[in-house]
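Working notes for the structure below.
Values in this text are rule-based calculations from the coordinates and carry no lab data. Quick caveat, the model's predicted, so the values are computed rather than measured. We place every Cβ from the backbone using ideal geometry, glycine too, and count neighbours over all the protein chains shown.
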Amino acid sequence: MIALRGILAPVVSPFDGRGDVDLDGFASNVRAHVSAGACGIVVTGSTGEAALLDAAERNALVSRARREVPDGCTLLAGTGAESTRATIARSRAAADRGADAVLVVAPHYYGEAMTPDALLSHYHQVADASPIPVLLYTIPKYMHFALPPEVVAQLVSHENIVGMKDSSGDATLLARYLELQSDSFHVLTGSGVLFGEALRMGAHGGILAVSLFAPELSFDVWRAREVGDQAAVVRAQEVLAPLAAKIVGSMGVAGVKAAMDSVGLTGGAPRSPLRPLSAPARAMLADLLRSAALAPAA
């Protein structure tokens, strides 16, 4: 089974002055995240603006990440699409380019049609066809629904479905997913706000956008939990939570990218139609980073 434990970095997709993917800046970021302690790299996910990338860009990012991600560090590729056919094609392409597993967000454009039967059929077909393991991905903020725990309960027995990322930020819902964990199915949180609590509840780790620009603060929570110091977990989480809530949660991709620029990594502007941060938002971001002792890059 692939390693799904610790903090995985859901990397951004930087763009150059022409609006093309900046693969060198991307590679530099990946190396920095690995050096900071990330046990995995997630390419073409929500923070990576996957919905705004074409097929060639997706493939190039997975290929370049494979060159930078060392042995023992898991490479996940987001491959969710609105059709089962496209999801399978993306998953096969990611496997061909060296991904260790795929992270598959549920189809959601036709949300009312995503009945339990439709979701079960979709994920079973994807898992049957994918050459590499599959992780389920639920993110109600963008899907506008959550994967029903009853559906997940029927998917965990598939030998090629090995885990899930829950970005609901809902502890009650997370608890339902955690009840389904086993040696062959691991649950990761996508919520930096909930990270410490998720670990206490039994999550195996997190795929955390906040770790891209605040890795040490994120690992403070993880390390405290590893040694069983719950008081230290709470203290570290109190520092991390405002960054996750306000920069990742409220400012979105533009906030994450601006924060990365501020700490010396390659963020840049998001791709249109997403807009860069406004001046007031940038001032707020600077205050948040300063309050967390994340000094701006020199």
Subject >> Filter result for residue 246 (part of a strand (DSSP E or B), touching a residue at least 40 places away in the same chain (Cβ under 8 Å) and either closer than 28 Å to residue 79 by Cα or in contact with a Ser or Thr (Cβ under 7 Å, 6 or more places away or on another chain) (or both)) >> reply: no
Original post:
Which members of region 1-28 meet the condition of being part of a helix (DSSP H, G or I) and either surrounded by fewer than 17 Cβ atoms within 10 Å (Cβ to Cβ) or in contact with a helix residue (DSSP H, G or I) (Cβ under 7 Å, 6 or more places away or on another chain) (or both)?
Top reply: 23, 24, 26, 27, 28
Subject >> Output for region 70-98, where each listed residue is over 15 Å from the mean Cα position of the chain (by Cα) and buried (at least 24 other Cβ atoms within 10 Å of the Cβ) >> reply: 87, 90, 91, 94
Original post:
For region 197-218, does any single residue satisfy the condition of being within 28 Å of residue 130 (Cβ to Cβ) and of a type in the set (Ser, Thr, Tyr)?
Top reply: yes
Original post:
Which of the residues belonging to region 129-182 are under 20 Å from residue 208 (Cα atoms), among the aromatic types (Phe, Trp, Tyr) and out of contact with any strand residue (DSSP E or B) (no Cβ under 6 Å at 6 or more places or on another chain)?
Top reply: 142
**OP:** Identify, from the list 91, 83, 13, the residue that is under 30 Å from residue 110 (Cα atoms), among the hydroxyl-bearing types (Ser, Thr, Tyr) and touching a Phe, Trp or Tyr at 6+ places or on another chain (Cβ under 9 Å).
**Re:** 13
Original post:
Are there any strands (runs of 3 or more DSSP E) wholly within region 117-192 with 1 or more residues that are of a type in the set (Gly, Ala, Ser) and surrounded by fewer than 16 Cβ atoms within 10 Å (Cβ to Cβ), and if so which?
Top reply: none
Original post:
If you go through region 267-295 one residue at a time, how many are more than 15 Å from residue 210 (Cα to Cα) and part of a loop (DSSP other than H, G, I, E, B)?
Top reply: 12
Original post:
Is it true that residue 290 is without any contact (Cβ under 8 Å) to a residue 60 or more places away in the chain and either more than 25 Å from residue 22 (Cα to Cα) or of a type outside the set (A, V, I, L, M) (or both)?
Top reply: yes
Original post:
If we scan region 214-232, do we find a residue that is crowded, with 24+ Cβ neighbours inside 10 Å and under 16 Å from the mean Cα position of the chain (by Cα)?
Top reply: yes
**OP:** State whether one or more residues within region 174-184 are under 23 Å from residue 132 (Cα atoms), in contact with a Ser or Thr (Cβ under 6 Å, 6 or more places away or on another chain) and touching a residue at least 40 places away in the same chain (Cβ under 8 Å).
**Re:** no
**OP:** Answer with yes or no whether residue 187 is touching a helix residue (DSSP H, G or I) at 6+ places or on another chain (Cβ under 7 Å) and within 23 Å of residue 292 (Cβ to Cβ).
**Re:** no
Subject >> Qualifying residues in region 48-72 (those that are in a loop (DSSP other than H, G, I, E, B) and in contact with a Gly (Cβ under 9 Å, 6 or more places away or on another chain)) - the one nearest to residue 11 (Cα to Cα) >> reply: 48
**OP:** Could you list all residues from region 29-44 that are surrounded by fewer than 19 Cβ atoms within 10 Å (Cβ to Cβ), out of contact with any Phe, Trp or Tyr (no Cβ under 8 Å at 6 or more places or on another chain) and either closer than 18 Å to residue 252 by Cα or not basic (Lys, Arg) (or both)?
**Re:** 34, 35, 39
Subject >> Scan of region 87-118 for residues that are closer than 22 Å to residue 140 by Cβ, of a type outside the set (S, T, N, Q) and without any contact (Cβ under 8 Å) to a residue 24 or more places away in the chain, ordered by number >> reply: 112, 113, 117, 118
Original post:
If we keep just the residues of region 45-64 that are touching a Ser or Thr at 6+ places or on another chain (Cβ under 9 Å) and touching a residue at least 40 places away in the same chain (Cβ under 8 Å), which is surrounded by the fewest Cβ atoms within 10 Å (Cβ to Cβ)?
Top reply: 52
